[in-house]
1. Of the residues that make up the range 131-140, is at least one in contact (Cβ under 8 Å) with a residue 12 or more places away in the chain, open to solvent by 70 Å² or more (accessible area, probe 1.4 Å), under 24 Å from THR207 (Cβ atoms) and not in a helix (DSSP H, G or I)?
2. Out of the residues in the range 151-160 meeting the condition of being surrounded by fewer than 19 Cβ atoms within 10 Å (Cβ to Cβ) and farther than 20 Å from SER103 by Cα, tell me which one is farthest from the chain's Cα centre (by Cα).
3. Working only within the range 161-191, note down all residues that are outside any loop (DSSP other than H, G, I, E, B), surrounded by fewer than 17 Cβ atoms within 10 Å (Cβ to Cβ) and under 18 Å from the mean Cα position of the chain (by Cα).
4. Quick test for you: out of LEU72, LEU30, LEU94, pick the one residue that is surrounded by 15 or more Cβ atoms within 10 Å (Cβ to Cβ) and within 21 Å of the chain's Cα centre (by Cα).
5. Tell me yes or no: at least one residue of the range 110-127 is farther than 25 Å from ALA42 by Cα and in contact with a Leu (Cβ under 9 Å, 6 or more places away or on another chain).
6. I'd like to check something: does the range 242-256 contain any residue that is closer than 16 Å to MET166 by Cα, surrounded by 16 or more Cβ atoms within 10 Å (Cβ to Cβ) and of a type in the set (Lys, Arg)?
7. Restricting to the range 192-201, give me the number of residues that are open to solvent by less than 70 Å² (accessible area, probe 1.4 Å) and more than 18 Å from the chain's Cα centre (by Cα).
8. Under 6 Å between Cβ atoms, which residue pairs at least 6 apart in sequence (or on different chains) link something in the range 49-77 that is touching a residue at least 12 places away in the same chain (Cβ under 8 Å) with a partner that is open to solvent by 60 Å² or more (accessible area, probe 1.4 Å) and assigned to a helix (DSSP H, G or I)?
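The values are calculated or read from the model by the stated rules, or taken from the named source; none is laboratory data. As the structure is a computational prediction, the values presented were derived from the model and not from experiment. Note: ideal-geometry Cβ built from the backbone for every residue, glycine included; neighbour counts use all protein chains shown. The accessibility values were calculated without ligands, DNA or RNA, using every heavy atom of the protein model including side chains. Shrake-Rupley method; radii C 1.70, N 1.55, O 1.52, S 1.80 Å.
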Amino acid sequence: MDTFKTEYEWAGNLLGKGDAEGARRVFARLLGEKDLVPARRALVLQGMGRCLHALHREGEAVDLLREAWEILSREFGAGHPASLAAQQNLSFILQSAGRFDESITVGKKALDALIAQSGECCLPVADALIRLSASYYEAGNLAEAKALSLRAKTMLERLEPEGFAMSTCLNNLGRIAEERGDLEAGCALHRAAVNIRRKVCGAGPDTAFCLGNLGTALAAAGHREEAAAALEEALRCYAMAGRTEGAAIEGLRHNLALCR
């Protein structure tokens, strides 16, 4: 029996259920194993990085994701899919840590490498565009965030118009529209994102996330009845997944109370 695989999957399941500390302890035990081959060490480092991100320890997570990227680049080459995925994960963690310039630099390098490897129009490139757009959004550069998101949307309309990536892209464009004061356009984009998430994810937490954004946008636009319905559905979806506590849940409850 491959005990590494069993424990690695166990840690992933714990993290998926919201037990970031429990998952961190399992990943820490795996990192302490002797003779851990580099590729597996990189996997565990990325898992540990996700745990630390969930625990709001982004500074530590950045160091682990950077080490994982360096290992994979050294073992397989900088253009290998695993290396590029780790590079994008590092960009995301840098963004979460508020290190936007670094995040954008790393994300742009990953995007350029993906295009060089796979061509301009493919799902990994669309995903990289969406990730990079999020970094520009968090940095306050709405114009570049929108341009990158629209570029990704054009690709996805050809490749996978009703996939998870499209719902993420529409959700992000909705947020950008809200920031620019176009509330009705934001609501329309969030509605479209929710419709796709329902088809792809059912009544899961990923759908709940988009429903929460839709409810918030609707409330800001003055559509309180529709907003309340979306927020109630978001809370039900989270509850079905066992998530009834936390800052995000409390935020939804607060917004729902305001709508009522």
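1. no
2. Filtering first and then ranking leaves ARG158.
3. PHE164
4. Values: LEU72 fails: within 21 Å of the chain's Cα centre (by Cα); LEU30 fails: within 21 Å of the chain's Cα centre (by Cα).
Result of the check over LEU72, LEU30, LEU94: LEU94.
5. At the first step, the residues of the range 110-127 found to be farther than 25 Å from ALA42 by Cα are 119-122.
Narrowing the set further to residues that are in contact with a Leu (Cβ under 9 Å, 6 or more places away or on another chain) leaves 121-122.
Checking the range 110-127: at least one residue is farther than 25 Å from ALA42 by Cα and in contact with a Leu (Cβ under 9 Å, 6 or more places away or on another chain).
6. no
7. Count: 1.
8. These pairs meet every condition: LEU52/GLU60.
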